[in-house]
Structure formats: C-alpha cells, structure tokens
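Okay, structure first, notes after.
The values are calculated or read from the model by the stated rules, or taken from the named source; none is laboratory data. Quick caveat: nothing in here was measured; it's all calculated off a predicted structure. Here the Cβ positions follow ideal geometry from the backbone for every residue, glycine too, while neighbour counts run over all protein chains shown.
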Amino acid sequence: MELSNHWRVKQQRYSLMGEVCPHCDSKIFPPRDICPDCGEDARTLHAFSGKGEVYSYTTLYDAPSGHEQQAPYMVALVRLDEGPLVTAQLTDVDEDSLAIGMPVEMVTRKLRSSGERGVLVYGYKFRPRLQTA
Ligand SMILES: [Zn+2]
C-alpha cells in the first residue's frame, strides 16, 4: 500500500509540463511557445518538479460557477522551484497554518464534473509539502 502510494505521488510530480527556452535556459510555465525572457521560440517540453513555495495567497468566499460547494477556498501564487509563478488552488491545508514561504507540491485533483455526461475535469492544485525526514 505504502509503496504504490509513493509511486502515485511521484508520478503526479512529473505531470506538470512546461517548456524550457533553448536560447536562455529559462523555464516556462504555463507553456506559451515564446520565451518571456528573451522573446525567442521555446517549444522544448520540460517536466517541472511540481515543487515550490507559497509566494502569496488569498481566500475566496465567492466561488465561480461549478465550484460553489468548495467555497470558501484558498488560492495561492506559487513560485515554482524552477522560477515561474503559477496561480493554483490549495488543498489539504487550513487557513491558520498557511504562510508565505510554505513549501508546497503539486497534486492532481478532480476539479469538477460538468455536463450531463459527467465529464470529469482534472487540474493541478498544491498542498503543503510532505516532510521527508
Ligand atoms: Zn529565452
């Protein structure tokens, strides 16, 4: 059980795909095919570690359509270890323990089901990084 769980977490960490600029080695997320630093073509895929730290955060009390049952929820600006800032929902964290600089890691979560066919929408969220002693 424990082994498969660790494996699953490891797989998730490698699913944050962005790009790396072949000209200046800048890491790009989300992928945009143009390097924001030097303006050159950047289409080389790069797997991010999915690790970062909380740069800033806010609590949302009015959830957008489809997220009502999750409100209130916390959204953070996360600075990835590779440099880019991403905005993502936080999970498995309570407001009191949340702090600027908290180490976090990406997890893949079901965001919502939509439509008659119940299409599941998956996306990434961030949770406090598990301490490995
Ligand atoms: Zn570049």
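Scanning the stretch 49-96 for residues that are in contact with a Ser or Thr (Cβ under 6 Å, 6 or more places away or on another chain) and closer than 30 Å to D37 by Cα returns M74, V75, L77, D81. Restricting attention to the stretch 78-92, the residues being farther than 16 Å from G18 by Cβ and surrounded by 19 or more Cβ atoms within 10 Å (Cβ to Cβ) number 1. Among the candidates S113, S65, which residue alone is of a type in the set (G, A, S), modelled with pLDDT under 90 and either in a loop (DSSP other than H, G, I, E, B) or at positive phi (or both)? The match here is S65.
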